[in-house]
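These notes are about the structure you will find just below.
The values are calculated or read from the model by the stated rules, or taken from the named source; none is laboratory data. The shown structure was predicted, so the numbers you read here are calculated from the model rather than taken from an experiment. No Cβ is skipped: glycine too gets one built from the backbone with ideal geometry, and neighbour counts run over all protein chains shown. SASA here: full protein model, heavy atoms, side chains in, ligands and nucleic acids out. Shrake-Rupley method; radii C 1.70, N 1.55, O 1.52, S 1.80 Å.
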Amino acid sequence: MYVTYVSDQISIISKSRPSNLQSGSEFRPTWLVRVDDMALVQGSEAKKEGYCALSYSWNYSGDIEIDDRGKSTFIDRSKHKIIFNRRKNGEKHQEEHLVRFEDVIQQICKDFQIKYIWYDKMCIDQSDKVAKQNEIKQMHKIYREANYTVALIRELHVPESIKRIDWTSYVKHRFTRIIKRKKRFAEREAYEQCIRDIIESEWSKRLWTLEEAVMSQRMVLVGSNAHMWLNFERVLSGSLFFASPQTPSGAWMNYGVFGRRPTANAILQQAHTRTTTKAHDRVFALANIFADRFQVDINYSLPIKSVMYQFYARLAAVDLTILCFGKPGESYRSTIRGLYDLPSWTGVNGAHIQDPVVPTIPPQDFNSYSVDGNMLMHIHSCRYTKIAPTEWSEYFPEELPESGFTGGLQLTHYLDGFSYKLSKRGLVVVKTSLDQGQSEPDAATLSLTEACDECILLDIPFIWNASAVLFPVIRRNEDTYKVIGVLLLRTYILNRNTGLEAIHLDELFDTDEGTFILS
């Protein structure tokens, strides 16, 4: 696969390069590439200017060749293309050059005034296992401390008829009269296509690029003839989705450069749809995202199953939002389901909610759970209640579509005739029954990965989307219990001093206390 890069690009949304792009960090990678001569130099050489980091999909590098052992190698046959827009005798013409991948990187850096770039193919010695492992351990720092990250997305392209895409191009027509002209609609359509190009690109399918996007403080997405700055001194948080397709693949834009701390559920929702060349990299890329919270052994010699177990056990120990999952929507394509014999509580049999979820019981305050060496999660002294959910098919003749309220999940069940107690802390507002013809319920709804006549709700509440509380749902599985989804409870408990608060099961149901082993 080869890249075409037009030097004179359209800047999407932002008209110019954002100011104040220096990170201010003193950290430097071990090695950097000096753009002037594309020479490998020590990171300390960029002490004053700082550096940028490159994010790209490896299959952009050239042709893929697979040997008899199944090992893939990229061969660069100098078929990448750089296009310069020139003027001759007052007329525009294009000048094309067939080049190597490194030449494309050099031209991009020159166009964006980058003096030093961290480029993994040159900065990591792939033949030195120790050096490679050490560099992988600090990947999160490399992207987090860079001035900004250059994300190369070859699929991103703007039609030649479009000369600009500014902020008025994507504001919806019902909010402004500016875009009533056909030209503005063409710009808006071009903008939406750009978002689809990004979401459907090879770059958005790789797990390492997820880690790079999440850890980066600032990014510029560079396509064939257009680029988009993700610097929210200029672009308001959330504006990318203001007029863009709401798809699970695009949920990475909800965090990372948006300044939110990644939660287990939001990251795994993305990670479980992405791929890596080596199985171990699936863990090592994820481990870098959570490197400030726990460590895993970066060692390709370890059995992949033990590496997987180590990661998920340590993630669960610091972030219980790993339990926030349910039945995936139709567009969700898992790349891990059925592999590595992972337990149900990892969520691999479903899909995690795509938006960040706020745990109301921090792990340091909830000492009654642990994961043992057999990947069994032990939960002690937890309040619970038994429920008998009703399937949606008994109410809706057709399957309920995905909606914003469901966080990318499919609703499968609801609690018929749901009743509750009045909270002493405020008024709990919950619809207790469903009206015929209602398309998006406000009742107590569930998203379950499998049918269940009798389920158990665990009193481990999570706040989601500022208007709902989630509870994990489990069912008996011989001598243990299996996590099968969540209850989504649309509630409004508003404390004037602290805002939305979570509720507990004993405020809504009659509860008991028990111990559970989750497999």
Do you know which of the residues in the stretch 125-160 that are assigned to a helix (DSSP H, G or I) and among the basic types (Lys, Arg) is farthest from the chain's Cα centre (by Cα)? 129
Of the residues that sit in the stretch 67-78 and are part of a loop (DSSP other than H, G, I, E, B) and either of a type in the set (Gly, Ala, Ser) or in contact with a Leu (Cβ under 6 Å, 6 or more places away or on another chain) (or both), which one is surrounded by the fewest Cβ atoms within 10 Å (Cβ to Cβ)? 70
Breaking point among (1) buried (at least 21 other Cβ atoms within 10 Å of the Cβ); (2) closer than 16 Å to residue 262 by Cα, for residue 291: (1)
Identity of the residue in the stretch 84-124, of a type in the set (D, E, K, R) and in a helix (DSSP H, G or I), that ends up most open to solvent (accessible area, probe 1.4 Å): 110
Residue 30 - would you say it is more than 21 Å from residue 97 (Cβ to Cβ) and β-branched (Val, Ile, Thr)? yes
Residue within the stretch 351-360 that is within 25 Å of residue 140 (Cα to Cα), out of contact with any Asp or Glu (no Cβ under 7 Å at 6 or more places or on another chain), in a loop (DSSP other than H, G, I, E, B) and among the β-branched types (Val, Ile, Thr) present: yes
Which of the residues spanning the stretch 23-49 are part of a loop (DSSP other than H, G, I, E, B), modelled with pLDDT of 75 or more and over 30 Å from residue 85 (Cα atoms)? 24, 25, 26, 27, 28, 29, 30, 47, 48
Show the residue pairs that are 6+ apart or on different chains and have beta-carbon atoms under 7 Å apart, the first residue being within the stretch 273-302 and outside any loop (DSSP other than H, G, I, E, B) and at pLDDT below 95, the second being open to solvent by less than 50 Å² (accessible area, probe 1.4 Å) and among the acidic types (Asp, Glu). 285/211; 288/211; 289/211
Within the stretch 303-343, count every residue that is open to solvent by less than 10 Å² (accessible area, probe 1.4 Å) and among the small types (Gly, Ala, Ser). 3
Working carefully through the options 515, 480, find the one that is open to solvent by less than 50 Å² (accessible area, probe 1.4 Å), modelled with pLDDT of 80 or more and hydroxyl-bearing (Ser, Thr, Tyr). 480
Scanning the stretch 372-396 residue by residue, those among the aliphatic types (A, V, I, L, M) and either modelled with pLDDT under 85 or open to solvent by 40 Å² or more (accessible area, probe 1.4 Å) (or both) turn out to be 376, 388
Looking at (1) farther than 22 Å from residue 328 by Cβ; (2) open to solvent by less than 40 Å² (accessible area, probe 1.4 Å); (3) at pLDDT below 65; (4) aliphatic (A, V, I, L, M), can you tell me which one residue 443 breaks? (1)
Do we find a residue being closer than 19 Å to residue 415 by Cα, at pLDDT 95 or above and surrounded by 17 or more Cβ atoms within 10 Å (Cβ to Cβ) anywhere in the stretch 463-473? yes
Of the residues in the stretch 336-348, those that are modelled with pLDDT of 95 or more, in a loop (DSSP other than H, G, I, E, B) and not aliphatic (A, V, I, L, M) come to 343, 347
